[in-house]
Amino acid sequence: MSSTAPTLGDNQHSAMFFWPTPDRPVIDRGDGIYLWDQDGKRYIDACSGPQTANIGHGNARVREAMTAQAEKVSYAFRSHFLNEPAESLAREIVGLCPDGLDQVFFTSGGSEAVEACIKLARQYALAIGEATRYKVISRLPSYHGTTLGALSLTGDPAGFSMFAPMMVNMPKIPAPFCRYRPAGETEDEAALRFANALETEIIHQGPETVLAFIMEPIGGAATAALTAPDIYYTRVRDICDEYDVLLIFDEVMSGAGRSGRYLSAEHWNVTPDLVALAKGLASGYIPLGACLTSSKIIGTVEDAGGFMHGHTYSASPIACAVGRAVLAEHLDNDLIGNAARMGAVLKGRLEGLLNEFEFIGEIRGRGLLLGFDVISDRQTGHALPAELDAHLRLSQEAYDRGLIIYSRRTLGGAKGDNFLISPPLIVTEEQIDEIMVLLIASLRAFAPTARAAINAD
């Protein structure tokens, strides 16, 4: 087993380029929550790739739907034709969403979906005569994508400072880390303090300049499933309404059933004005994302000339046929319900780790979007030394044992090293047992390194 942090920049020769990672084997096949490399080693995909493979790997229904559509027509440009898979998928998605979210614009992925949301918001402001509104407030830390527009919203200045001269850096407010709060402050009081920071920032920027507020209702890559107390969400909605600011939920990770509801917004009975969806929408079988909004917004924009935005593969017949097959798997097999049930089981098992591993800060999330952070002090949230590369060390310990978990360190490690445990929505309780055996073994292997760093601090 690995006992040192993996070395970056030692990839095997390839004609493709990506960010530096430890050497990785070649994937061979997948079935359910499992993957096998070409050497026959089995891995448990305990993070669904990057929280994408909702229905697991090797699904026959999806494969058949893709083939059937390809035999009819593989591509038809949206300006030239309507196509049945896209029209049907849009109606099916709307049928699962709260009232007021009844219009869909398809994209090729999450960054595009976020871009569509903010561009649509801007065009709506222009259509109603509020051209001074252009600023989109987001949270620090956060992650919204890597296109320049989405990147301007992403709260990770250390990671993306190289691109700063190329984009407008939008205003940020602190993400609601309510677990690490001052002594004497309740969790709800902390949540209100974080929510009220939005109002303070709107006033600071000038309400007439603020277009929208974008947030992940359940945190993703940047905050490992960070979830605020209920009062945070209703207060944010009220503030946006008071200042006529559009509320955008980035549900690229948390949507499409992963949280135990189709949209995680449903947990708080809060309806945003726009929603970005992707990842689980096509479960990794093909690129697909979506921007959801209301007829009110779309009608206003269309009356002003229409949505000035588009992508070559928007509403692709094959992509939407896959999306329909994926959604059918969710509905026919009660995968959204299973996400809620198995999420409760998994969260309980993860919370049990707190007794043995004092360097785990908190367990957070809803459904099967769960995560934890690794820190030096559970009361303050003080991070482990950045040079320890805890996010790499622990994830490599797991990988060596055949367990794939998602790890990330944002803000240079200022908020700790984060890990997501988010298996496919098909996971069973017996498979959760398998995940926990390997995760506990990985944590025990990592523990001496973490404790030595804490004691030296």
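Since every read-out is calculated from the coordinates, none of them should be taken as a lab result. For clarity, every value in this text was computed on a predicted model and none was experimentally measured. Here the Cβ is made from the backbone with ideal geometry for all residues, glycine too, and neighbour counts use every protein chain on show.
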Loop-resident sites, the stretch 23-80, for trypsin sites (Lys or Arg not before Pro), counting at most 14 other Cβ within 10 Å (DSSP): Lys41
Which of Lys296, Lys119 has the fewest Cβ neighbours within 10 Å, and the rest in rising order: Lys296, Lys119
Difference of contour (0.36 nm per residue) and Cα-Cα distance, Asp332 to Thr380: 12.8 nm
Gain in span if fully extended, Asn196 to Thr312, counting 0.36 nm per residue against the direct Cα distance: 37.7 nm
Neighbourhood charge, 14 Å Cβ-Cβ cut-off, centred on Ala278 and excluding it, Lys, Arg +1 and Asp, Glu -1: -3
Dipole magnitude (debye, nearest 20) for the chain, charges at Cβ of Lys, Arg, Asp, Glu: 460 debye
Residue pairs, from the table Lys135/Lys296; Lys135/Lys279; Lys119/Lys279; Lys119/Lys296, whose Cα atoms sit over 23 Å apart: Lys135/Lys279
Over the stretch 327-457, relative contact order from alpha-carbon pairs under 8 Å, at least 6 apart, %: 25 percent
Packing rank of 100-109, 251-260, where each peptide gets the mean count of other beta carbons within 10 Å, highest leading: 251-260, 100-109
Relative contact order %, the chain, counting alpha carbon pairs below 8 Å whose residues are six or more apart: 22 percent
DSSP bridge orientation in the chain - percent antiparallel, rounded to nearest 5: 65 percent
Inter-part distance where the stretch 85-161 and the stretch 338-380 are each reduced to a Cα centre, Å: 29 Å
Value of [θ]222 nm, deg cm²/dmol, for the chain, DSSP H segments ≥ 4, -39500 (n - 2.57) each, nearest 500: -12000 deg cm²/dmol
Qualifying chymotrypsin sites (Phe, Trp or Tyr not before Pro) in the stretch 310-415, DSSP loop, other Cβ atoms within 10 Å at most 13: none
Residue among Met16, Gln379, Ala150 farthest towards the positive dipole end of the chain, charges placed on Cβ: Met16
Where labels lie 7 Å past Cα in the beta-carbon direction, separation of Ala15 and Ala441 in nm: 3.8 nm
Distance-filtered residues of the stretch 167-201 - backbone nitrogen under 16 Å, label point 7 angstrom along Asp230 Cα→Cβ: 187-189, 191-192
Extension gain (nm, one decimal) between Met167 and Asp303, 0.36 nm per residue minus Cα-Cα: 46.0 nm
Per DSSP, loop GluC sites (Glu not before Pro) in the stretch 358-405 with at most 15 further Cβ within 10 Å: Glu358
Label zone at Arg341, where the point sits 7 Å out along the Cα-to-Cβ direction: the stretch 238-258 residues whose backbone N lies under 18 Å: 257-258
